[in-house]
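A.B. asks: Sharing a structure, written as structure tokens. Questions coming.
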Amino acid sequence: MTETTPVASADPRALTLENVERTLDELRPYLMADGGNVEVVEIDGPIVKVRLQGACGSCPSSTMTLKMGIERKLREAIPEVAEVVQVL
């Protein structure tokens with residue numbers, strides 16, 4: 001019997017733009033529900049640079065969203081990610 005389910009979150013993904021976007025796609029509905037979004041600006045070695053958009057860009061909780069939400073999720077899914085930083 002072959003496995004046809006998507007890659008489980010326990011299986012680490014490689015640090016590629018496609019995998020970063022796929023992981024962020026899992027978070028986007030929550031960001032959009034609050035009037036925001038996230039855009040990948042650049043992957044610089046193990047550092048993912050993002051821009052928070054819409055309400056997320058000016059929200060007082062954006063640092064928490066970035067570190068406790070986005071960075072945590074990316075580091076879980078893609079162990080190579082060392083840090084996620086916001087660019088303006």
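None of the figures in this text is laboratory data; all of them are computed from the coordinates on show. All values derive from a computational prediction rather than experimental measurement. Using ideal geometry, Cβ is built from the backbone for each residue, glycine included, and neighbour counts are taken over all protein chains shown.
A.B. asks: What share of the DSSP beta bridges in the chain is antiparallel, in percent to the nearest 5?
C.D. replies: If I count the DSSP bridges inside the chain, around 65 percent turn out antiparallel.
A.B. asks: Each label point is 7 Å from the Cα along the Cα-to-Cβ direction; what then is the distance between the points at Glu80 and Gln53, in nm?
C.D. replies: Roughly 2.5 nm, to one decimal.
A.B. asks: Report ³J(HN,Hα) in whole Hz for each residue of the range 81-88, in order, from the Karplus equation J = 6.51 cos²θ - 1.76 cosθ + 1.60 where θ = phi - 60°; Gly and Pro get x.
C.D. replies: Coupling constants for the range 81-88: 5, 8, 7, 10, 10, 8, 10, 9 Hz.
A.B. asks: Also, quick follow-up: In whole Hz, what ³J(HN,Hα) sequence does the range 12-29 give by Karplus (6.51, -1.76, 1.60; θ = phi - 60°), x for Gly and Pro?
C.D. replies: Coupling constants for the range 12-29: x, 9, 6, 7, 10, 4, 4, 6, 5, 4, 4, 5, 5, 4, 6, 8, 4, x Hz.
A.B. asks: Work out how much length Ile43 to Met64 would gain on full extension: take 0.36 nm times their residue separation and subtract the Cα-Cα distance, in nm to one decimal.
C.D. replies: Difference between extended and current length: 5.5 nm.
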